[in-house]
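Chemist: This is the structure I want to talk about, given as structure tokens.
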Amino acid sequence: MITGIGLDITEIARIRNLDGKSPKFRERILTEFELAEYECLSDLRKTEFLAGRFAAKEAYGKAKGTGIGKDCSFQDIEIRKDDKGKPEIFFRKIEAGLVSITHTKDYAAAQVVLQSN
């Protein structure tokens with residue numbers, strides 16, 4: 001049964017600007033695992049990656065109904081790729097739902113669907 005749906009879109013230029021001002025922005029958004037993946041990417045892909053993760057985590061907060069804050073921080077949410085490259089979303093290390101991330105030249109968007117067994 002579907003228990004929540006979240007959608008977010010963010011401007012890549014906005015993320016590039018925030019990330020360019022301070023590395024603390026990416027450290028606030030990305031977990032240690034995600035930061036390691038981020039560091040292996042080209043500059044263009046780094047911005048897309050960070051924007052996509054930002055949008056996915058915002059979408060997760062919306063699907064959960066808490067938003068990003070005290071009960072659900074960016075650090076509580078992690079997106080990892082499975083063996084085929086499909087993104088999987090984890091909340092405090094427990095798989096919680098389905099995620100889809102997309103990018104264009106100007107935007108990154110993500111949708112999260114939460115389900116119960």
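The values are calculated or read from the model by the stated rules, or taken from the named source; none is laboratory data. Bear in mind the structure is a predicted one, so any value in this text is a computation, not a measurement. Cβ coordinates were reconstructed from backbone atoms using ideal geometry, including for glycine residues, and neighbour counts include every protein chain displayed. The accessibility values were calculated without ligands, DNA or RNA, using every heavy atom of the protein model including side chains. Shrake-Rupley method; radii C 1.70, N 1.55, O 1.52, S 1.80 Å.
Chemist: Which of (1) in contact with a His (Cβ under 9 Å, 6 or more places away or on another chain); (2) within 17 Å of LEU114 (Cα to Cα) does ALA59 not meet, given it meets every other one?
Modeler: Looking at each condition in turn, ALA59 falls short on (1).
Chemist: Looking at (1) modelled with pLDDT of 95 or more; (2) part of a loop (DSSP other than H, G, I, E, B); (3) among the acidic types (Asp, Glu), find the lone condition where ASP71 falls short.
Modeler: Looking at each condition in turn, ASP71 falls short on (1).
Chemist: Test GLY97 against the criterion of being more than 21 Å from ASN117 (Cβ to Cβ) and at pLDDT below 95, and give yes or no. Explain how you work it out, then say what you get.
Modeler: Numbers: more than 21 Å from ASN117 (Cβ to Cβ): no; at pLDDT below 95: yes.
Against the criterion (more than 21 Å from ASN117 (Cβ to Cβ) and at pLDDT below 95), GLY97 does not qualify.
Chemist: Residues in the range 78-105 that are touching a residue at least 24 places away in the same chain (Cβ under 8 Å) and open to solvent by less than 60 Å² (accessible area, probe 1.4 Å): how many?
Modeler: Count: 9.
Chemist: Say we look at the range 37-64 and pick out the residues that are in contact with a Cys (Cβ under 9 Å, 6 or more places away or on another chain) and not charged (D, E, K, R); which of these is surrounded by the most Cβ atoms within 10 Å (Cβ to Cβ)?
Modeler: TYR60
Chemist: Any idea which residue in the range 15-32 is surrounded by the most Cβ atoms within 10 Å (Cβ to Cβ), counting only those that are basic (Lys, Arg) and touching a residue at least 24 places away in the same chain (Cβ under 8 Å)?
Modeler: Within the range 15-32, the subset basic (Lys, Arg) is 16, 21, 24, 26, 28.
Still in the list and also touching a residue at least 24 places away in the same chain (Cβ under 8 Å): 16, 26, 28.
Details: ARG16: 17, ARG26: 21, ARG28: 13.
Per the stated criteria, the residue is ARG26.
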